[in-house]
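The structure appears below as structure tokens.
The values are calculated or read from the model by the stated rules, or taken from the named source; none is laboratory data. Just so you know, these numbers come straight off a predicted model, no measurement behind them. Using ideal geometry, Cβ is built from the backbone for each residue, glycine included, and neighbour counts are taken over all protein chains shown. Surface accessibility is based on the protein's heavy atoms, side chains included, excluding ligands, DNA and RNA. Shrake-Rupley method; radii C 1.70, N 1.55, O 1.52, S 1.80 Å.
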Amino acid sequence: MRNKIAAANWKMNLTLTEGEKLLDEILKENIELIEHQQAIFAVPFPYLQFAQKKVLGRKNYFISAQDCSDKKSGAYTGEVSVDMIASLQITHVIIGHSERRAYFNESNSMLADKINLILEKGLIPIFCCGESLEIRESGKQNEFVAKQMSESLFHLQPGQIEKIIIAYEPIWAIGTGKTATTLEAQDMHGHLRTTLARQYGDKIADEISILYGGSVKGNNAMELFSQPDVDGGLVGGASLNAQEFCTIIKSLPK
Ligand code: 13P
């Protein structure tokens, strides 16, 4: 079975004390994750180390960075490299979040560079893709998202692509309270998997977890995650509330 994943994206929220309290409250629930289930917390850079210590020894709990530099090292003030992230024993890195694409002009080719650095270092990229409302309304969402994937991912070898996690996050559903219907989510996830299969074959496409992101909450997670091609969620707002996120983790298929 593919990995089923509840991933929290804290974005630029919470002070250190608030972050510690939230993580403590969630971990206190001792939700046991079985073999194919995972919980991932994408925390701000300064919190990576404390968060990593807290999940140490907890089976299938991981910490992720929210981004990384597309450069290996050097005179890039303010940037954080994959090597730095890896040196904290962090295992995952989100890249290509629509907020990074929109506010920091991250392009598909820049993300291809980031993917290469992440995989080179043996970390797992969580690659985000997704269309704007305008593109959805024009009916061109399938080709738009396929292009995002092909320009950032399809240079990878089969042995590399199978290591990644994909997150489909329609921009119109992020932070808006407007979730894609289960049908819309399943349709797009099915399309992404078919696109992967066309490039890499059914076996590899079948192994890649594709998460849905965009107003996932405790009360809609189970239905979304029950779709055949939806392998969990990447959660913003609701991941900042311990009870909500615990419900989301518990909604992962067994
Ligand atoms: P919300 O869950 O707040 O809509 O955010 C989704 C998201 O962007 C996760 O990366």
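GluC sites (Glu not before Pro), restricted to the stretch 100-160: which are DSSP loop and have at most 13 other Cβ atoms within 10 Å?
none
In square nanometres, what is the average projected area of the Cα convex hull of the stretch 86-147?
About 4.7 nm², averaged over all directions.
Subtracting the Cα-Cα distance from 0.36 nm times the residue separation, let me have the gained length for THR17 to VAL80 in nm, one decimal.
Gain in length upon complete extension: 20.4 nm.
Could you tell me which residue out of LEU117, LEU14, GLY130 lies farthest along the dipole of the stretch 1-143 toward its positive end? Charges go on the beta carbon: Lys and Arg +1, Asp and Glu -1, centred on the Cα centre.
Selected residue: LEU117.
Select from ILE40, ASN60, PHE50 the residue farthest towards the positive end of the dipole of the stretch 26-65; place +1 on Cβ of Lys and Arg, -1 on Cβ of Asp and Glu, and compute about the Cα centre.
Of ILE40, ASN60, PHE50, it is PHE50.
Just subtract the alpha-carbon distance of LEU133 and ASP202 from 0.36 nm times their residue separation and send over the number in nm, one decimal.
Length difference between fully extended and current span is 21.8 nm.
Go ahead and run the numbers for FRET between SER107 and MET1, Cβ-Cβ distance against an R0 of 35 Å, rounding to 0.05.
The value I calculate is 0.50.
Between ASN219 and PHE144, what is the label-point separation in nm under the 7 Å Cα-to-beta-carbon projection?
Between PHE144 and ASN219, the label points sit 2.9 nm apart.
Which GluC sites (Glu not before Pro) does the stretch 5-68 hold that lie in a coil by DSSP with at most 16 other beta carbons within 10 Å?
GLU29, GLU32, GLU35
State the dimensionless ratio Rg/Rh of the chain (Rg: radius of gyration of Cα atoms; Rh: Kirkwood radius).
0.93
Within the stretch 19-79, list the chymotrypsin sites (Phe, Trp or Tyr not before Pro) lying in a DSSP loop whose Cβ has at most 16 other Cβ atoms in a 10 Å radius.
Here the sparse-neighbourhood loop sites are TYR76.
In Å², what does the accessible area per residue of the stretch 121-220 work out to with a 1.4 Å probe?
With all protein chains present, the stretch 121-220 gives 44 Å² per residue.
Who wins for biggest fluctuation among HIS189, HIS97, HIS36 in a Gaussian network model of the chain, springs between alpha carbons below 10 Å?
In this elastic network of the chain, the residue with the biggest mean-square fluctuation among HIS189, HIS97, HIS36 is HIS36.
Assigning unit charges at the beta carbon (Lys, Arg +1; Asp, Glu -1) and nothing else, what dipole magnitude in debye, to the nearest 20, does the stretch 161-233 show about its Cα centre?
Approximately 160 debye in magnitude.
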